[in-house]
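Student: Just dropping this structure here.
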Amino acid sequence: MKRKTLLVVLVFVIMGCTPKETIEEKSQPNILWIVAEDLSPFIPSFGDSTVVTPHLSRLASEGVCYDRVFSPSGVCAPSRAAIATGMYPIHIGANHMRTGPWFRSDMPQQFIDNYAKGAMPSGITPYEAIPPSEVRMMSEYLRADGYYCSNNAKEDYQFRRSLMAWDDCSNTAHWRNRDEGQPFFSIFNIEVTHESRIWAKAKDSLWVDDNLDVPIPPYLPTTDSAKMDVRRMYSNIKEMDHRVGEILSELEEDGLLENTIIFWYTDHGGPLPRQKRLNYDSGLRVPMMIRFPKKEYALTRDDQLISFIDFAPTVLSLADIKPPDHLDGKAFLGKYKEPQERDYIHAAADRFDESYHDPIRTVRDARYKLIRYYDTEKTMFYPVGYREQMPIMRELHRLKKEGRLTREQALWFREKKPEFELFDTEVDPHELNNLAENPMYKEIQDRLFGELNNWLSSITDLNMMPEQELISSLWPNKTQPITSSPDLSKSTLGKIKIKSSTNGATIGYKIVTDADTTASWTVYKHPIELQEKESIIAIAHRLGFRPSEIVNL
């Protein structure tokens with residue numbers, strides 16, 4: 001497929017505005033994210049025509065397809081931490097999958113205790129990652145700038161979401177709940193393509209033919225049972241595409257299509273064995289499409305390297321908000337777009353669920369990838385109970401036991417790991433032929449190894465610490481720190497000033513006139529003037545800390 005690089009100088013002219021709308025409203029586009037789960041580029045717009053996806057193909061025909069987008073982790077919780085904060089998961093101690101059951105807020109203690117028994121290694125208690133004090137969730141910046149922010153509804157950030165992150169975070173969250181004329185940033189997560197749906201939907205009817213001929217990567221078996229799991233994956237893609245169509249229809253019904261920037265992407269690579277959780281492209285590379293207002297740049301392909309850590313600064317840049325200097329990512333669109341494209345992307349793997357800590361670090365340029373394994377005495381494959389439920393995984397175990405694995409399938413089951421793997425992803429897209437020992441590629445390997453060291457020396461890699469030490473550094477005596485309650489006072493002009501002594505805390509407030517305090521917390525920016533009969537309540541919350549108690553005035 002021929003690619004041409006898009007050189008973006010983005011100027012948004014939002015059309016269809018009424019005379020009552022302000023200049024500020026016109027300058028802030030709506031931004032919609034439609035996020036599928038656990039999916040590599042297995043759709044027609046990225047070269048796989050196994051099934052037809054009319055709604056995704058429409059987005060591709062009216063927008064830009066990004067061919068080199070990568071997660072810094074092959075699994076969801078660390079990936080979402082990167083997306084939400086613009087930081088590498090290893091930089092904020094969030095790369096173990098998972099730190100706890102924070103995929104939904106306010107989990108009861110009994111659930112937390114039961115989760116630890118079944119989904120974490122012995123001796124590791126659930127904890128929240130604590131990013132550096134300057135780190136905020138991206139949506140906090142947008143809300144502070146006037147955006148309505150909704151998330152429907154997955155969280156899974158390795159820490160409980162900031163209480164000030166969303167106007168609505170629920171299964172009913174929608175841009176339609178905002179104030180009239182308010183710009184919005186809305187996320188819709190589509191879970192039907194998730195790994196678990198391979199086995200959970202096994203008895204459901206397929207959205208594809210029962211005998212559909214499906215492509216099987218060489219590292220997977222071609223038995224009837226295995227093919228059925230791959231058919232289920234493509235069936236789930238069809239179902240996901242249908243949901244995308246429903247969301248786009250709602251946007252059109254509301255007359256918002258042409259002043260909304262639409263992102264569609266997936267949260268990491270595919271759901272099948274040797275895809276999810278691995279640092280191969282099958283686990284890290286994702287498809288992404290962006291549709292701009294008025295079909296700007298339609299039918300364009302962009303092959304620059306993009307990492308998930310670039311999403312936060314890019315969305316802020318599109319919203320005309322200067323990205324904070326502490327972010328690891330760089331904007332690839334908008335007013336604050338970085339002039340220099342990436343030369344490399346980086347990724348890491350550590351612990352997955354109840355398995356042991358096995359640190360792996362990765363660097364990739366546009367063609368070559370270097371993977372470094374720090375513990376070569378451990379096996380390449382390790383069982384993860386969640387994945388073992390998949391029939392195709394059980395097929396691999398059966399074939400291994402019978403001595404019938406092919407060379408490509410057996411690579412994943414090596415008893416020891418090499419220190420390095422080097423792949424030419426252009427000629428070896430499945431990453432099956434290690435070039436690390438080939439002297440012809442020494443210069444390339446040395447260059448990538450130097451870049452890997454440069455990256456790791458430029459950040460603090462917290463996940464290289466033994467996890468118990470990491471927990472002790474975050475939660476002394478296994479006790480979670482608590483955000484200090486906000487202090488409310490009146491200025492000389494009679495306005496309410498709010499502050500918290502906890503460095504890095506975001507402050508939220510609600511102005512109430514009766515007992516109803518169900519509204520979302522407003523992000524505090526400057527002193528507040530109360531009207532007669534109004535009162536104010538406030539709360540403070542730093543990521544990874546327990547929220548403060550609510551203070552009334």
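The values are calculated or read from the model by the stated rules, or taken from the named source; none is laboratory data. As the structure is a prediction and not an experimental result, all values here were calculated from the model. FYI the Cβ positions are ideal-geometry reconstructions off the backbone, even for glycines, and counts take in every protein chain you see.
Student: Can you name the strands (runs of 3 or more DSSP E) wholly within segment 344-416 that have at least 3 residues being in contact with a His (Cβ under 8 Å, 6 or more places away or on another chain) and of a type outside the set (Asp, Glu)?
Tutor: Once the strands (runs of 3 or more DSSP E) in segment 344-416 are filtered for at least 3 residues that are in contact with a His (Cβ under 8 Å, 6 or more places away or on another chain) and of a type outside the set (Asp, Glu), what remains is 360-364.
Student: Assess whether residue 362 counts as being under 25 Å from residue 156 (Cα atoms), without any contact (Cβ under 8 Å) to a residue 24 or more places away in the chain and either of a type in the set (Asp, Glu) or touching a strand residue (DSSP E or B) at 6+ places or on another chain (Cβ under 9 Å) (or both). Outline the logic, then answer.
Tutor: Numbers: under 25 Å from residue 156 (Cα atoms): yes; without any contact (Cβ under 8 Å) to a residue 24 or more places away in the chain: no; either of a type in the set (Asp, Glu) or touching a strand residue (DSSP E or B) at 6+ places or on another chain (Cβ under 9 Å) (or both): yes.
The answer is no for residue 362.
Student: Another question, if that's okay. Could you please find all residues in segment 474-497 being hydrophobic (A, V, I, L, M, F, W, C) and within 28 Å of the chain's Cα centre (by Cα)?
Tutor: 474, 475, 482
Every residue, every condition in (1) part of a loop (DSSP other than H, G, I, E, B); (2) buried (at least 17 other Cβ atoms within 10 Å of the Cβ); (3) modelled with pLDDT of 95 or more; (4) not small (Gly, Ala, Ser), yes or no:
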{"position": "194", "(1), (2), (3), (4)": "yes, yes, yes, yes"}
{"position": "205", "(1), (2), (3), (4)": "yes, no, yes, no"}
{"position": "221", "(1), (2), (3), (4)": "yes, yes, yes, yes"}
{"position": "226", "(1), (2), (3), (4)": "no, yes, yes, no"}
{"position": "230", "(1), (2), (3), (4)": "no, yes, yes, yes"}
{"position": "234", "(1), (2), (3), (4)": "no, yes, yes, yes"}
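Student: Out of the residues in segment 130-178 that are outside any strand (DSSP E or B) and among the polar types (S, T, N, Q), which is nearest to residue 541 (Cα to Cα)?
Tutor: Step one: list which residues in segment 130-178 are outside any strand (DSSP E or B), which gives 130-147, 153-167, 170-178.
This time we only want the ones that are among the polar types (S, T, N, Q), so: 133, 139, 158, 162, 170-172, 177.
On the way: 133: 11, 139: 14, 158: 15, 162: 7, 170: 20, 171: 23, 172: 24, 177: 25 Å.
Among those residues, the one meeting the criterion is 162.
Student: Of the conditions (1) within 29 Å of residue 98 (Cβ to Cβ); (2) touching a Leu at 6+ places or on another chain (Cβ under 8 Å); (3) without any contact (Cβ under 8 Å) to a residue 40 or more places away in the chain; (4) not hydrophobic (A, V, I, L, M, F, W, C), residue 472 clears all except one; give me its number.
Tutor: (2)
Student: In addition: For residue 166, indicate whether it is modelled with pLDDT of 95 or more, closer than 16 Å to residue 35 by Cα and either in the same structural domain as residue 510 (by TED's automatic domain parsing) or not polar (S, T, N, Q) (or both). Spell out the reasoning first.
Tutor: On the way: modelled with pLDDT of 95 or more: yes; closer than 16 Å to residue 35 by Cα: no; either in the same structural domain as residue 510 (by TED's automatic domain parsing) or not polar (S, T, N, Q) (or both): yes.
No; evaluated as a whole, the condition is false for this residue.
Student: So residue 48 fits all but one of (1) part of a helix (DSSP H, G or I); (2) out of contact with any Lys or Arg (no Cβ under 9 Å at 6 or more places or on another chain); what number is the exception?
Tutor: Tallying (1) part of a helix (DSSP H, G or I); (2) out of contact with any Lys or Arg (no Cβ under 9 Å at 6 or more places or on another chain), residue 48 fails exactly one: (1).
Student: Scan segment 252-267 for residues that are closer than 14 Å to residue 184 by Cα and buried (at least 20 other Cβ atoms within 10 Å of the Cβ) and jot them down.
Tutor: Listed by number, the residues that qualify are 257, 259, 260, 261, 262, 263.
Student: So which residues in segment 427-465 are part of a helix (DSSP H, G or I) and of a type in the set (S, T, N, Q)?
Tutor: Residues of segment 427-465 part of a helix (DSSP H, G or I): 439-458, 462-464.
Across segment 427-465, the qualifying residues are 445, 453, 454, 457, 458, 463.
Student: Output the residues belonging to segment 398-412 that are more than 24 Å from residue 449 (Cβ to Cβ) and surrounded by 15 or more Cβ atoms within 10 Å (Cβ to Cβ). Walk me through how you get there before you give the answer.
Tutor: Our first condition is that a residue be more than 24 Å from residue 449 (Cβ to Cβ); within segment 398-412, this holds for 398-410.
Across segment 398-412, the qualifying residues are 399, 400, 405, 408, 409, 410.
Student: I would also like to ask the following. If you go through segment 23-31 one residue at a time, do you hit one that is more than 12 Å from the chain's Cα centre (by Cα), among the polar types (S, T, N, Q), over 21 Å from residue 301 (Cβ atoms) and at pLDDT 95 or above?
Tutor: Taking segment 23-31 as the starting set, the residues that turn out to be more than 12 Å from the chain's Cα centre (by Cα) are 23-31.
Okay, now just the ones that are also among the polar types (S, T, N, Q), so 27-28, 30.
Within this subset, residues satisfying the condition of being over 21 Å from residue 301 (Cβ atoms) are 27-28, 30.
Filter once more, keeping what is at pLDDT 95 or above: 30.
Within segment 23-31, one or more residues are more than 12 Å from the chain's Cα centre (by Cα), among the polar types (S, T, N, Q), over 21 Å from residue 301 (Cβ atoms) and at pLDDT 95 or above.
Student: Checking the structure you have, find out if any residue of segment 252-265 is under 21 Å from residue 315 (Cβ atoms), in a helix (DSSP H, G or I), touching a residue at least 40 places away in the same chain (Cβ under 8 Å) and of a type in the set (Asp, Glu).
Tutor: Restricting attention to segment 252-265, the residues satisfying the condition of being under 21 Å from residue 315 (Cβ atoms) are 254, 256-265.
Checking the rest, the ones that are also in a helix (DSSP H, G or I) come to 257-259.
Still in the list and also touching a residue at least 40 places away in the same chain (Cβ under 8 Å): 258-259.
If we keep only those that are of a type in the set (Asp, Glu) as well, we get 258.
Yes.
Student: Do the conditions hold for residue 478, that is, is it at pLDDT below 95, touching a strand residue (DSSP E or B) at 6+ places or on another chain (Cβ under 8 Å) and of a type in the set (D, E, K, R)?
Tutor: Working: at pLDDT below 95: yes; touching a strand residue (DSSP E or B) at 6+ places or on another chain (Cβ under 8 Å): no; of a type in the set (D, E, K, R): yes.
Taking the combined requirement at face value, the residue does not satisfy it.
Student: Taking the options 300, 379, name whichever one is farther than 27 Å from residue 36 by Cβ, surrounded by fewer than 20 Cβ atoms within 10 Å (Cβ to Cβ) and of a type outside the set (Phe, Trp, Tyr). Can you show your working first?
Tutor: Values: 300 fails: farther than 27 Å from residue 36 by Cβ.
It is 379.
Student: Taking segment 413-450 only, how many residues are surrounded by 13 or more Cβ atoms within 10 Å (Cβ to Cβ) and among the small types (Gly, Ala, Ser)?
Tutor: So the answer is 1.
Student: Would you check if residue 200 is under 25 Å from the mean Cα position of the chain (by Cα) and without any contact (Cβ under 8 Å) to a residue 12 or more places away in the chain? Break it down stepwise before answering.
Tutor: Numbers: under 25 Å from the mean Cα position of the chain (by Cα): yes; without any contact (Cβ under 8 Å) to a residue 12 or more places away in the chain: yes.
Criteria met by residue 200.
Student: A further question follows. Tell me yes or no: at least one residue of segment 194-214 is under 23 Å from residue 150 (Cα atoms) and in contact with a strand residue (DSSP E or B) (Cβ under 6 Å, 6 or more places away or on another chain). Full working, then the answer.
Tutor: Step one: of segment 194-214, the residues under 23 Å from residue 150 (Cα atoms) are 194.
Subset that is in contact with a strand residue (DSSP E or B) (Cβ under 6 Å, 6 or more places away or on another chain): none.
No; the residues of segment 194-214 include none that is under 23 Å from residue 150 (Cα atoms) and in contact with a strand residue (DSSP E or B) (Cβ under 6 Å, 6 or more places away or on another chain).
Student: Let me ask something else about it. Quick check, is residue 147 crowded, with 22+ Cβ neighbours inside 10 Å, modelled with pLDDT of 95 or more, of a type outside the set (Asp, Glu) and within 22 Å of residue 277 (Cβ to Cβ)?
Tutor: Values: crowded, with 22+ Cβ neighbours inside 10 Å: yes; modelled with pLDDT of 95 or more: yes; of a type outside the set (Asp, Glu): yes; within 22 Å of residue 277 (Cβ to Cβ): no.
Against the criterion (crowded, with 22+ Cβ neighbours inside 10 Å, modelled with pLDDT of 95 or more, of a type outside the set (Asp, Glu) and within 22 Å of residue 277 (Cβ to Cβ)), residue 147 does not qualify.
Here's the yes/no breakdown for (1) modelled with pLDDT under 95; (2) assigned by TED's automatic domain parsing to the domain that holds residue 329; (3) surrounded by fewer than 17 Cβ atoms within 10 Å (Cβ to Cβ):
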site	(1), (2), (3)
40	no, yes, no
43	no, yes, no
49	no, yes, yes
55	no, yes, no
59	no, yes, no
65	no, yes, no
77	no, yes, no
99	no, no, no
105	yes, no, yes
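Student: Out of the residues in segment 181-192 meeting the condition of being at pLDDT 95 or above and more than 15 Å from the chain's Cα centre (by Cα), tell me which one is farthest from residue 156 (Cα to Cα). Let's see the steps before the verdict.
Tutor: Of all residues in segment 181-192, those at pLDDT 95 or above come to 182-192.
Then drop every residue that is not more than 15 Å from the chain's Cα centre (by Cα), which leaves 182-185, 192.
On the way: 182: 27, 183: 25, 184: 22, 185: 18, 192: 16 Å.
Across segment 181-192, the extreme among qualifying residues is 182.
Student: Out of the residues in segment 266-297 meeting the condition of being in contact with an Asp or Glu (Cβ under 6 Å, 6 or more places away or on another chain), among the charged types (D, E, K, R) and outside any strand (DSSP E or B), tell me which one is farthest from residue 76 (Cα to Cα).
Tutor: Kept after step one, since they are in contact with an Asp or Glu (Cβ under 6 Å, 6 or more places away or on another chain), are these residues of segment 266-297: 267, 271, 276, 280, 291, 293-295.
Filter again for among the charged types (D, E, K, R), leaving 267, 276, 291, 294-295.
Those still in the list that are outside any strand (DSSP E or B) too: 267, 276, 294-295.
Details: 267: 6, 276: 9, 294: 32, 295: 31 Å.
Among those residues, the one meeting the criterion is 294.
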